[in-house]
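*Asks:* Below are the structure tokens for one structure; questions will follow.
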Amino acid sequence: MATARTVAKTKNPAALIRPLVTPEGVDLRVKLADAGTRASGFLLDVAIIIIAAVVISLVTIFGLAGLGFQDAQPLFIVWVIFIFFLRNVYFIAFEAGRRAATPGKRMVGVRVASRSGAGLTLDQVIARNLMREIEVFLPLSILAARASADVADTLTTIFGLVWALLFSLFPLFNRDRLRIGDLLAGTWVVEAPKVALVEDLSLRKDPIAARFQFSAAQLDAYGIAELQKLEEVLRRDDYSALKAVAETISRKIGARVESIDSKAFLTAYYGELRAHLERKLLLGNRKADKYAR
């Protein structure tokens, strides 16, 4: 039973919702990225880095083809240092940018944010990404170096893999899905889905709606609150709801409308009511709802 409750809690989307209060006191609710999404983004970034490293390596090999081993050794060390900076500059440069996300993170729809609610600072980005060297890349680099020198042994291999695995799985053992780097830097990774602009209902072109005309008195019957509710009904596009709302509005303003024309009537009334309220706002007259004078 305890296991079942734990699984249910993990699958509950609300369990990953967190308050994020800005310095201005605005509470921005954010949803933390789950461990699978974070891993996918990281693997995509690693793939991009590997491709770049392979291209750089091929260019380096062709450039060193005419040199002897002794002459090529210093350049090989420079190449190792360059690869180190490549993977670190990659993460830091992209996460310090306006989107606060690497290409891999953007592909899976997540970004880095400061847990304090303030803007993400360069210090935080550097701290969380340099810790990744200790968490993952350092043990793997040591294993790769020892393997290439034919001095790798079973104990070293197991130790390196366990080290990398423990740090990689750390987000699974805390409720905020934080890496060690996130804990030190005061950051977390949150969902940042692409937002599509919704249709502007006032720009809808309906030939039947053009038949409806409303007087100023009819438009004064409702305010901003009713306009917002009317927009919700039009976006939901439920026939029964459209018919019921059209009957209510037509009865209140003394208009005549057939059931078949409910959507066209509401579209026309929404467009004219919105324009009417916007004109009144320009004059400093705000009608909050139908009860306001």
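*Asks:* Quick one: what are the phi-derived ³J(HN,Hα) couplings along the range 258-274, Karplus 6.51/-1.76/1.60 with θ = phi - 60°, whole Hz, x for glycine and proline?
*Replies:* My calculation for the range 258-274 gives 7, 4, 5, 9, 4, 5, 5, 4, 5, 4, 5, 5, 4, x, 6, 5, 4 Hz in order.
*Asks:* Tell me, in nm to one decimal, what length is gained between Ile56 and Thr121 on full extension, where the rule is 0.36 nm per residue of separation less the Cα-Cα distance?
*Replies:* 20.4 nm
*Asks:* What are the ³J(HN,Hα) couplings of the range 235-252, residue after residue, when phi is run through the Karplus curve with 6.51, -1.76, 1.60 and θ = phi - 60°? Round to Hz, x for glycine and proline.
*Replies:* 6, 5, 6, 9, 4, 5, 5, 4, 5, 5, 5, 4, 5, 5, 5, 4, 5, 6
*Asks:* Also: May I ask for the distance between the Cα centers of the range 78-123 and the range 254-277, given as a whole number of Å?
*Replies:* Each part reduced to its Cα centre gives a spacing of 50 Å.
*Asks:* Val46 to Arg279: extension gain in nm, 0.36 nm per residue of separation minus the Cα-Cα distance?
*Replies:* Once the chain is fully extended between Val46 and Arg279, it gains 78.4 nm.
*Asks:* Please give the peptides 128-136, 156-164 ranked by average Cβ packing (other Cβ atoms within 10 Å per residue), highest first, as a rough proxy for protection.
*Replies:* Answer by packing, highest mean first, reads 128-136, 156-164.
*Asks:* Could you tally the net charge around Glu191, taking each other residue with its Cβ under 10 Å from the Cβ of Glu191, Lys/Arg +1 and Asp/Glu -1?
*Replies:* Result for the neighbourhood of Glu191: +1.
*Asks:* Given Lys229/Lys280; Lys31/Lys280; Lys31/Lys263, which pairs have Cα atoms separated by over 29 Å?
*Replies:* Going by Cα-Cα distance, Lys31/Lys280; Lys31/Lys263 fall outside the 29 Å limit.
Bear in mind that the values in this text are calculations on the coordinates, not laboratory data. Here the structure is a predicted model, which is why all the values come from computation and not from measurement. Methodologically, a virtual Cβ is constructed for each residue, glycine included, from the backbone with ideal geometry; neighbour enumeration extends over all protein chains shown.
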